[in-house]
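I have placed the structure first, in the form of structure tokens, so that the comments after it can refer back to it.
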Amino acid sequence: MTLRKFAGLGALLSLVMPSLVMAADEVAAPVLNSGDTAWMLTSTALVLFMTIPGLALFYGGMVRSKNILSVMMQCFAITGLISVLWVIYGYSIAFDTTGMEQGVVNFNSFFGGMGKAFLAGVTPSSLTGPAALFPEAVFITFQMTFAIITPALIVGAFAERMKFSAMLIFMGIWFTLVYAPIAHMVWSGNGGLMWDWGVLDFAGGTVVHINAGVAGLICCLVLGKRKGFPTTPMAPHNLGYTLMGAAMLWVGWFGFNAGSAAAANGTAGMAMLVTQIATAAAALGWMFAEWVTHGKPSALGIASGVVAGLVAITPAAGTVGPMGALVIGLAAGVVCFFCATTLKRKLGYDDSLDAFGVHGIGGILGAILTGVFAAPALGGFGTVTDIGAQVWIQLKGVGFTVIYTAIVTFIILKVLDAVMGLRITEEEEAVGIDLALHNERGYNL
């Protein structure tokens with residue numbers, strides 16, 4: 001009887017165990033979350049909307065009428081170029097973690113491997129995210145839109161004077177040697193240089209804005225001033241375009257910041273709220289600073305203030321609370337106003353559309369203040385317990401990015417200038433880039 005009982009039990013287990021194992025496998029397998037996927041798809045479209053048409057209109061309205069198409073053309077060309085380079089090797093450089101180890105500084109702390117080159121291994125069933133809840137293809141596209149807008153921002157610094165051919169080659173090399181490595185150092189995870197330092201950069205204050213702003217400053221210094229600057233009037237030709245572009249950037253930035261939560265959750269909701277608060281505060285801060293200083297508030301000023309607030313809150317969006325966002329926004333509006341006007345005039349550099357004054361300065365300010373207002377003691381939602389220590393970490397991240405970007409950008413520009421020349425001729429500059437390089441006019445009356 002006993003043997004028959006054991007035999008019966010064994011037969012029962014042989015029938016039940018495969019079902020139990022299959023059930024365990026089904027529980028352990030990652031499952032796509034349709035809500036997170038829908039939000040990331042939406043965020044991706046919003047961030048692309050920031051460059052085309054948002055940034056194209058914002059910058060296009062600020063240049064002279066003879067150069068509007070050149071600026072828009074550059075934004076569109078950069079969108080195409082970076083999209084292709086991103087799938088060939090950019091995504092891999094930024095996010096491949098091969099050879100990385102937490103606390104160990106090696107080549108892969110700075111530069112990702114090539115395991116994801118040409119998007120190797122990516123299929124419709126590949127999942128990623130904080131808990132592997134949405135398609136990796138969506139994450140790739142989302143991060144691609146960040147890679148697109150960063151070099152496009154640089155255009156504002158050298159607008160109206162760089163050759164289109166030189167611009168294309170510069171952007172391709174800069175993306176490869178500056179953007180992708182900085183993104184890797186900050187966002188790739190354990191083993192990334194600035195990730196291991198503990199640098200807080202939720203949505204790109206360091207990776208996008210300091211990076212682009214500093215590169216823009218180097219560009220305008222190497223290329224030199226526009227002919228006639230600063231004595232010849234170079235007023236924006238269509239501020240209506242600029243205001244529409246700023247509005248598109250404001251709306252699209254919700255995808256930029258709230259989308260960086262990589263989920264439809266409370267962090268995304270708070271990122272959306274603080275983005276709105278900081279942007280509104282910065283718009284008012286710039287407007288009133290200009291009103292007091294110059295006697296009148298301007299449409300260009302409030303549009304610039306909007307962008308300054310969006311920039312400054314970017315690194316902090318996932319960790320600061322509403323009141324911290326209010327302070328960051330107000331500070332960004334006032335500080336960026338003085339840097340884009342008084343400081344630029346005193347130093348004499350020709351940052352055509354204030355890429356450095358708004359993105360560089362706003363990114364630096366936002367990155368540092370993130371270390372302050374991410375602390376729960378000041379209403380933040382981060383894990384900062386020692387504000388002084390975190391601010392020092394943020395300063396290290398800012399300093400490294402400024403130095404690395406400035407040096408590599410300078411080298412790229414000087415080599416290209418020696419090989420092919422960077423700047424259009426004086427005759428082409430007088431005629432306008434639209435007609436001289438593209439054989440088109442923005443307006444045919």
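The values are calculated or read from the model by the stated rules, or taken from the named source; none is laboratory data. Quick caveat, the model's predicted, so the values are computed rather than measured. FYI the Cβ positions are ideal-geometry reconstructions off the backbone, even for glycines, and counts take in every protein chain you see. The protein model used for the area step is the full one, side chains on, heavy atoms only, and it has no ligands, DNA or RNA in it. Shrake-Rupley method; radii C 1.70, N 1.55, O 1.52, S 1.80 Å.
Here the gap between residue 292 and residue 431, fully extended at 0.36 nm per residue and compared with their Cα-Cα distance, gives a gain of 46.3 nm. Between rounded, prolate and oblate, where does the range 246-315 land on the alpha carbon gyration tensor, with a ≥ b ≥ c its root eigenvalues, rounded for a/c under 1.5, else prolate if a/b exceeds b/c? Since a/c reaches 1.5 and a/b is larger than b/c, the shape of the range 246-315 is classed as prolate.
With θ taken as phi - 60° and the Karplus curve 6.51 cos²θ - 1.76 cosθ + 1.60 applied, the whole-hertz 3J(HN,Hα) list for the range 235-245 is 5, x, 8, 8, 5, x, 4, 5, 5, 5, x Hz, x standing for glycine and proline. Histogrammed with a bin width of 10 Å, the alpha carbon distances of the range 34-437 distribute as 5, 24, 35, 25, 9, 1 percent, first bin at zero. Cross-link partners for residue 414 among the lysines, with Cα-Cα distance under 22 Å and sequence neighbours closer than 8 places in the same chain left out: 163, 225, 227.
Among 431, 419, 391, the largest mean-square fluctuation in a Gaussian network model of the chain, built with springs joining Cα atoms closer than 10 Å, belongs to 419.
For residue 127, the residues 5 or more places off, or on other chains, whose built amide H falls under 5 Å of its own are 136.
What FRET efficiency, computed as 1/(1 + (r/R0)^6) with R0 = 30 Å and r the Cβ-Cβ distance, is obtained for residue 417 and residue 239, rounded to the nearest 0.05? With a Förster radius of 30 Å, E is 0.35.
Going by a ≥ b ≥ c, the root eigenvalues of the Cα gyration tensor, does the range 335-419 fall in the rounded group (a/c under 1.5), the prolate group (a/b larger than b/c) or the oblate group?
Details: a/c = 3.64, a/b = 1.74, b/c = 2.10.
Oblate, because a/c is 1.5 or more while a/b does not exceed b/c.
Only alpha carbons enter this Debye calculation for the range 130-181, each as an equal point scatterer, and the log10 of I(q)/I(0) it gives at q = 0.29 Å⁻¹ is -1.14.
Rounded to the nearest 20, the Cβ-based charge dipole of the chain about its Cα centre (Lys and Arg +1, Asp and Glu -1) stands at 380 debye. Amide H contacts under 5 Å for residue 96: 113, restricted to partners 5 or more places along the chain or on a different chain, H placed in the peptide plane at 1.01 Å from N.
Using only side-chain charges placed at the Cβ, +1 for Lys and Arg and -1 for Asp and Glu, the dipole size of the range 384-438 relative to its Cα centre rounds to 460 debye. In terms of the Cα gyration tensor, with a ≥ b ≥ c the square roots of its eigenvalues, is the range 156-301 rounded because a/c is under 1.5, prolate because a/b exceeds b/c, or oblate? It comes out oblate by the Cα gyration axes. Here the range 24-134 is treated with +1 on each Lys and Arg Cβ and -1 on each Asp and Glu Cβ, and its dipole about the Cα centre works out to around 740 debye. Using +1 at the Cβ of each Lys and Arg and -1 at the Cβ of each Asp and Glu in the range 34-437, identify which of 138, 169, 314 lies farthest towards the dipole's positive end. Checked the options; the winner is 169. Of the solvent-accessible surface of the range 34-437, computed with a 1.4 Å probe over protein heavy atoms with every protein chain present, carbon and sulfur atoms account for 72 percent. Taking each residue as 0.36 nm, the span from residue 385 to residue 439 lengthens on full extension beyond its C-alpha to C-alpha distance by 13.6 nm.
Going by Cα centres, the range 329-367 and the range 245-314 are how many Å apart? Centre-to-centre distance over Cα atoms comes out at 15 Å. Length gained on full extension, residue 31 to residue 126: 33.1 nm, using 0.36 nm per residue less the C-alpha separation.
Just to be sure I follow the definition: excluding the sites themselves, where is the longest run in the chain that has none of the GluC sites (Glu not before Pro) in a DSSP loop with at most 16 other Cβ atoms within 10 Å?
Values: sites that count: 101, 440.
Longest stretch, sites excluded: 102-439.
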